[in-house]
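Colleague: Submitted below is the structure of interest, expressed as structure tokens.
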Amino acid sequence: MQRSSNRPEEAVPYVIVIGSEKGGTGKSTTAVHLAVALMKLGFRVGTIDLDARQGTLSAFVRNRASYAEQLGRGLELPKHRAIERSTSGERAAAEADEAGRLQDAFDDLADCHFVVVDTPGSDTYLCRLGHNRADTLITPLNDSFLDIGVLAQINRERREVEAPSVYSQLVWEQNNQRVVTGRPPIDWVVLRNRLAHIEARNMREISALLDLLAKRIGFRTAPGISERVVFRELFMKGLTALDLPHQAGGQARGQARGRDKGALETSSHAAARQEIQDLLSAIGLFESQPA
């Protein structure tokens, strides 16, 4: 949603895909915070879990519904769908089955402003189908040379780019398919998650490489999130850092004192919430309003 022409009211639903072929980069954390943030802005949001075997996004939605019931008050909930991989042993039949399941999910979510899709960290047919649907593709990336390998083959000794990665080629192929069928190209955003232990020199080198790759491969960068325990703490309750201002006042505060002291906002929670707000601003979500 970098441009005003991509406002969700002009193409409902607007699809945000969280994708990467590396684990541990915060894909599901990013997905749940985007979904909750959009709901808090007043949008109707659908979520699709294409990594149903791992089921992290699905678990978050279940946790959120359960915690809302426990509190006795409403929490914003997305319309959620989880897509299982086909069990067919014949490739063509399996691909047709998975394509049908994904289409059914999008049909069910057609009344949403946004659909947030969490993808598996492997090159599967479902993963490719998901990327093909992306109006915006978000790839979280830890600021490390190891994680840059998701985007390109890097000569670590010379700190040089040798070739695009398998994942970048996947994105390029799905983007070309979109353009050929008359759809807008994918707005690809790479999130730079800040790591506390990274040295300043490494950070400068990584920044230079990402600037080069952004021009060569065709993405833009945005600030991600730091390594924060708060994200893991809140996940088990189906909460995000964006929920905590509501938790820290009035009746909810009394409930938290009695049953859940960890829900009260701390400085770490406030910093985490600010990071998410900065992320939304960087990718243009704060510029939109629901229809």
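Quick note: the coordinates plus some simple rules give every number you see, no bench work behind them. Since we're looking at a predicted model, the values are computed, not measured.
Colleague: Residue 139's amide H: which non-local residues (gap 5+, or another chain) put their own amide H closer than 5 Å, with H modeled 1.01 Å from N in plane and none for Pro or chain starts?
Modeller: 19, 189, 190, 191
Colleague: Taking H placed 1.01 Å from N in the peptide plane, check which residues at least 5 places from residue 152 or on another chain put their amide H under 5 Å from its amide H.
Modeller: So residue 152 has HN proximity to 165.
Colleague: Counting C-alpha atoms alone, how compact is the stretch 108-193: give Rg to one decimal and Dmax as a whole number, in angstrom.
Modeller: Both quantities, over Cα of the stretch 108-193: 14.5, 51 Å.
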